[in-house]
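K.L.:
Pasting a structure here, questions to come.
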Amino acid sequence: MKIYLATGNLNKKREISQVLPNFEVVIPKEMGIDFDPEETGTDFYQNSLIKALALWEEVRKIDKNPAAIMADDSGICVDALNGAPGVWSARYAGPDFMKGRPDGQKISQEEQNKYLIEQTTAALASGQPKNGFLFQNGPRSCHYSCSMVLLLNPSRFFVAQETMEGTVIDRIEDARGSGGFGYDPIIYLPQFQKTVAELSADKKNAVSHRGKATRGILRIMEGL
C-alpha cells in the first residue's frame, strides 16, 4: 500500500518508514510536487490537517484514487515558556522572534538550540508564571508533541496525537548525541539518562511522540 506523506523532511520520512516497513512511503518531492502549504493553524492538529488536505489536492492530479495521505505536525513545548515554541518550533528564532523572523528566513538549528536553552533559563530566573503547566520533570520540563492525520478523503480522516516528555538541558555545552534531528541534542530523557539524540533509531521510535503517533495510525489502518 502506498502512503503519500505530506512533508519535505527526509528525517520524518525515515522515522515513519521505519515504523511502517510494509508500506511504500512517498513524499511530494519524489513525485515532482512543489509542496509548501501555509501552516496557519494554532495547534498541531490544525496544521497536520492543513498539510494532509493540501497534499490530497496535489496527489489527485496524479493519482485519482490515492489510498491514503499522511501528515504530521510536531514541535517542542517548554513548560517554563508556557508551551512555546510549540507549533512554531521550526520557525522559532529566539525570544524576539518566537513565531519566526518577519522576513521568513530560518536560523540554524544550532542557534535555535542555544536560544531555547537561554530563554528557558531566563524565564525560570524571572519567576515566569506556570500557567497550569505540570513541570512533571522539574523546572526545565518540556515535551515533544506530534499530531498525525491519516486522510482517506477530505470527509474521512483519523487523528493520533502523542507526546514524549523530557527536560531542556542547562547549557549548550552539554548538548550530546548525533542521532535524531532538530532539538534532539538538547532534550534530556531522565528515564534513559540520555538526550534524545543519543538514543538508537529503534529506541527513539519506541518512545518518541512521532513513533507512538505512527503506531496509533497503523492500528487504525489495520482496523479499516
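K.L.:
Counting each DSSP H run of 4 or more residues in the chain as -39500 (n - 2.57), what helix-only mean residue ellipticity at 222 nm follows after dividing by all residues, to the nearest 500 deg cm²/dmol?
P.N.:
Working: 5 runs with 65 residues, N = 224.
-9000 deg cm²/dmol, from helical runs alone.
K.L.:
Let me ask something else. Segment 1-43 to segment 77-126: how many Å between their Cα centroids?
P.N.:
Taking the Cα centre of each part, segment 1-43 and segment 77-126 sit 25 Å apart.
K.L.:
Calculate what fraction, in whole %, of the accessible area of the chain sits on carbon and sulfur atoms when a 1.4 Å probe is rolled over the protein chains. Walk me through the intermediate numbers first.
P.N.:
Values: 5310 of 10990 Å².
Heavy-atom surface of the chain belonging to carbon and sulfur, 1.4 Å probe: 48 percent.
K.L.:
Build a GNM of the chain with springs between Cα atoms under 10 Å: which of Gly182, Gly104, Gly75 gets the top mean-square fluctuation?
P.N.:
Of the options given, Gly104 has the highest mean-square fluctuation.
K.L.:
Before anything else, pin down the relative contact order of the chain: Cα pairs under 8 Å, at least 6 apart, normalised by residue count, whole percent. Don't skip to the answer; put the middle values down first.
P.N.:
Working: 427 pairs, mean separation 41.8, N = 224.
Value for the chain: 19 percent.
K.L.:
Then there's this: Would you list which lysines come within 23 Å of Lys29, measuring only between C-alpha atoms, while excluding same-chain residues fewer than 8 positions from it?
P.N.:
The reachable lysines, counting only those whose Cα sits under 23 Å from Lys29, are Lys2, Lys12, Lys13, Lys51, Lys61, Lys64, Lys106.
K.L.:
Under a Cβ-only charge scheme (Lys and Arg +1, Asp and Glu -1), can you give me the dipole magnitude of the chain about the Cα centre, in debye to the nearest 20? Mind showing how you got there, number by number?
P.N.:
Working: 26 positive and 28 negative charges, 97 e Å.
Here the chain has a charge dipole of around 460 debye.
K.L.:
Then there's this: Mind grabbing the base-10 log of I(q)/I(0) for segment 10-128 at q = 0.14, 0.19 Å⁻¹? Debye formula, identical points on the C-alpha positions, no solvent, two decimal places.
P.N.:
-0.73, -1.10
K.L.:
Quick check for me: using +1 on Lys/Arg Cβ and -1 on Asp/Glu Cβ, what's the dipole size of segment 19-149 about its Cα centre, in debye to the nearest 20?
P.N.:
On the way: 12 positive and 18 negative charges, 58 e Å.
For this selection, approximately 280 debye.
K.L.:
For the chain, return all DSSP H helices satisfying: extent of Cα atoms along own axis at least 18 Å; mean Kyte-Doolittle hydropathy at least -1.0. Can you show the working numbers first?
P.N.:
Values: long enough: 44-59 (22 Å, 0.35); 109-125 (24 Å, -0.80); 209-223 (22 Å, -0.63).
Length and hydropathy pass: 44-59, 109-125, 209-223.
K.L.:
Which is the longest stretch in the chain that no exposed loop site breaks, taking sites as trypsin sites (Lys or Arg not before Pro) with a DSSP loop state and at most 10 other Cβ atoms within 10 Å? Please list the in-between numbers first.
P.N.:
Details: sites that count: Lys61, Lys64.
Answer - 65-224.
The values are calculated or read from the model by the stated rules, or taken from the named source; none is laboratory data. Fair warning: this is a prediction, and the values are worked out from it, not measured in the lab. Note that we place each Cβ from the backbone using ideal geometry, even for glycine, and neighbour counts take in every protein chain shown. Only protein heavy atoms, including side chains, enter the accessible area calculation; ligands, DNA and RNA are left aside. Shrake-Rupley method; radii C 1.70, N 1.55, O 1.52, S 1.80 Å.
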